[in-house]
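Heads up, the thing below is written out as structure tokens.
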Amino acid sequence: MSENTTTNTTTEAVPDWIAGYVRVSTADQNSARQVAAIEEYVKNRWGEKGLQVLHKEGCGIREDKASGKTTKGRDALEDLLRTSRHGDFIIAHSPDRVARNNGDLSTIMQKLADKGVTLVYTKYPELDTSTPTGKLMLAMMSIFAEFERDLILERQREGIAAAQKAGKYKPRALNSKQVEYAKKQYEAGTPKAQIARELGISRASLYRYLNGDTRPSDAD
């Protein structure tokens with residue numbers, strides 16, 4: 001008899017509400033692999049009944065097409081945080097799909113924990129936030145991820161400073177789409193320092209673009 005790795009053998013009760021969350025950074029990226037991983041996890045854990053719950057009205061797999069550096073503008077995630085209730089499950093592929101820094105991740109975790117909502121990652125099923133061990137492991141991972149990001153940014157700043165001192169640094173020029181994106185982010189309340197980091201320019205350069213003192217690289 002052949003082995004069926006997707007057959008549900010657990011006696012765990014199927015939750016009344018299961019939702020998936022996927023995120024891609026740009027509109028041309030494909031989220032199909034994340035969706036497939038979520039569906040496979042749900043089927044393995046709760047069987048076909050779990051899939052039925054996942055795809056029923058009011059649940060579903062929600063998608064954001066936005067940077068993970070902030071929760072601003074991520075309507076699908078914000079809707080999940082707002083509408084999920086005690087006993088609900090949110091399934092995502094990995095922590096970096098939900099947040100990219102310790103502050104945001106901690107805030108999201110705390111909001112869900114306060115509501116009794118379980119957040120699970122298909123890539124790291126042991127990081128089940130319904131368990132104390134899972135919560136601890138996730139917090140440690142997010143701290144190390146933020147530490148690594150800080151090191152990368154620090155090396156970038158050091159490299160730019162060295163290049164400026166040697167007279168070899170040329171500031172990055174933004175095109176019209178990037179300038180428009182920067183303006184929208186600024187109007188939405190995103191800190192200028194964060195916008196500048198995301199676009200790879202200095203805050204001083206960002207100010208000049210926002211004020212119209214510097215024209216986009218593709219401007220006529």
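The values are calculated or read from the model by the stated rules, or taken from the named source; none is laboratory data. Just so you know, these numbers come straight off a predicted model, no measurement behind them. In this analysis, Cβ positions are derived from the backbone assuming ideal geometry, glycine residues included, and neighbour counts consider all displayed protein chains. Accessible surface is based on the protein model in full, side chains and every heavy atom, while ligands, DNA and RNA are left aside. Shrake-Rupley method; radii C 1.70, N 1.55, O 1.52, S 1.80 Å.
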Can you confirm whether Ser217 is small (Gly, Ala, Ser), touching a residue at least 40 places away in the same chain (Cβ under 8 Å) and not in a helix (DSSP H, G or I)? yes
Counting only residues that are at pLDDT 90 or above, assigned to a loop (DSSP other than H, G, I, E, B) and over 21 Å from Ala32 (Cβ atoms), the range 75-121 contains a total of 7
Among the residues of the range 8-44, count how many are farther than 20 Å from Asp75 by Cβ and modelled with pLDDT under 90. 5
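For every residue, the table says whether it meets (1) of a type outside the set (Gly, Ala, Ser); (2) touching a residue at least 24 places away in the same chain (Cβ under 8 Å); (3) surrounded by 17 or more Cβ atoms within 10 Å (Cβ to Cβ).
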position	(1), (2), (3)
Gly50	no, yes, yes
His55	yes, no, no
Ala66	no, yes, yes
Ala76	no, yes, yes
His86	yes, yes, no
Ile90	yes, yes, yes
His93	yes, yes, yes
The correct count of residues that are touching a residue at least 24 places away in the same chain (Cβ under 8 Å), open to solvent by 20 Å² or more (accessible area, probe 1.4 Å) and closer than 25 Å to Asp16 by Cβ in the range 96-122 is 6
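Take Ala162 and tell me if it is assigned to a helix (DSSP H, G or I), aliphatic (A, V, I, L, M) and under 30 Å from His93 (Cα atoms). Before you say what the answer is, go through the steps one by one.
Numbers: assigned to a helix (DSSP H, G or I): yes; aliphatic (A, V, I, L, M): yes; under 30 Å from His93 (Cα atoms): no.
So Ala162 fails the test.
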Candidate set: the range 123-161, residues that are over 21 Å from Ala37 (Cβ atoms), modelled with pLDDT under 80 and among the β-branched types (Val, Ile, Thr); chosen: the one surrounded by the fewest Cβ atoms within 10 Å (Cβ to Cβ): Ile152
